[in-house]
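*Asks:* The structure is given below, and queries will be raised subsequently.
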Amino acid sequence: MHEELEKILEVHFQDPKLLTLALTHRSYIYESAGAGQSSNERMEFLGDSILALISADFLYRTFPLLSEGELTDVRAVLVRTETLANFAREIELGKFLLMGKGEQHSGGGQRVLAAAFEAILGAIYLDQGLTAVQHFIIPRLEPIAHRIVDKRLFKDNKSRFQELAQAHEGITPSYRLVSQEGPSHNREFTVEVLLGEQVAGKGQGRNKQSAEQEAARGALISRGWI
């Protein structure tokens with residue numbers, strides 16, 4: 001089983017026990033007579049820190065025009081749980097995980113897969129060092145990072161729409177509250193975003209701010225800007 005995963009990872013472990021540990025979810029320890037066994041949580045902690053370093057180094061070198069705040073925002077989008085879980089699915093990590101029956105039944109949720117992927121990074125680091133982790137992870141991060149930066153996906157919808165509206169049409173968007181309905185504890189706001197007199201998008205939300213974000217998102221989609 002290890003050999004199959006190593007082939008997918010394109011990494012041959014000198015110490016196979018590290019890979020076993022990276023694949024061991026805490027539910028497996030709880031549900032088996034595994035006295036003295038450890039789960040992958042400590043290794044996940046290590047992998048998370050290594051990923052933070054590698055992604056920061058990669059972004060710093062690759063995007064010299066981004067500010068410190070922008071680099072922080074890009075990294076937050078780049079290494080979020082959803083992305084890591086997708087990486088885990090690409091290498092079919094779920095079928096190699098040691099999990100208790102409850103987790104097996106659910107197939108290992110997104111958080112479990114992301115955590116296991118970070119644990120794999122930790123295992124590669126302990127077995128072969130930082131360069132090996134870089135060779136493994138950077139080809140996965142690179143295309144996503146360029147897409148995030150090129151499409152300004154690290155900005156919130158209002159910021160992105162304002163930037164693009166000014167660039168494409170020379171207009172700063174404005175927002176207009178159309179309605180607010182429902183009791184105070186469950187109110188829904190409807191907002192329109194305008195470019196001049198033209199309604200570019202409409203959105204609903206539990207507060208004015210979230211409705212504005214939804215209106216901006218609708219405008220970005222309708223104009224084909226995302």
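The values are calculated or read from the model by the stated rules, or taken from the named source; none is laboratory data. Everything quoted here is computed from the prediction, not taken from an experiment. Using ideal geometry, Cβ is built from the backbone for each residue, glycine included, and neighbour counts are taken over all protein chains shown. Heavy atoms of the whole protein, side chains included, go into the accessibility calculation; ligands, DNA and RNA do not. Shrake-Rupley method; radii C 1.70, N 1.55, O 1.52, S 1.80 Å.
*Asks:* From 123, 119, 132, which residue is over 17 Å from the mean Cα position of the chain (by Cα), buried (at least 22 other Cβ atoms within 10 Å of the Cβ) and at pLDDT 95 or above?
*Replies:* Unique residue meeting the criteria: 123.
*Asks:* What tally of residues in segment 141-156 results from selecting those that are under 12 Å from residue 83 (Cβ atoms) and open to solvent by less than 60 Å² (accessible area, probe 1.4 Å)?
*Replies:* The total comes to 5.
*Asks:* Let me spell it out: the conditions are (1) open to solvent by less than 70 Å² (accessible area, probe 1.4 Å); (2) farther than 30 Å from residue 40 by Cβ; (3) out of contact with any strand residue (DSSP E or B) (no Cβ under 8 Å at 6 or more places or on another chain); (4) in a loop (DSSP other than H, G, I, E, B), and residue 171 meets all of them except one. Which number is the exception?
*Replies:* All conditions are met except number (3).
*Asks:* If you check every pair at least six apart or on different chains, which have Cβ atoms under 9 Å apart with a residue in segment 140-167 that is under 14 Å from residue 75 (Cα atoms) and touching a residue at least 40 places away in the same chain (Cβ under 8 Å) first and a residue that is among the hydroxyl-bearing types (Ser, Thr, Tyr) and open to solvent by 60 Å² or more (accessible area, probe 1.4 Å) second?
*Replies:* 154/72
*Asks:* Can you go through 217, 160 and tell me which one is open to solvent by less than 50 Å² (accessible area, probe 1.4 Å) and among the basic types (Lys, Arg)?
*Replies:* Selected residue: 160, the only one of 217, 160 that is open to solvent by less than 50 Å² (accessible area, probe 1.4 Å) and among the basic types (Lys, Arg).
*Asks:* Tell me which of these residue 60 doesn't satisfy, since it passes every other one: (1) under 20 Å from residue 143 (Cα atoms); (2) loosely packed, with under 13 Cβ neighbours inside 10 Å; (3) modelled with pLDDT of 95 or more.
*Replies:* Status for residue 60: all satisfied but (2).
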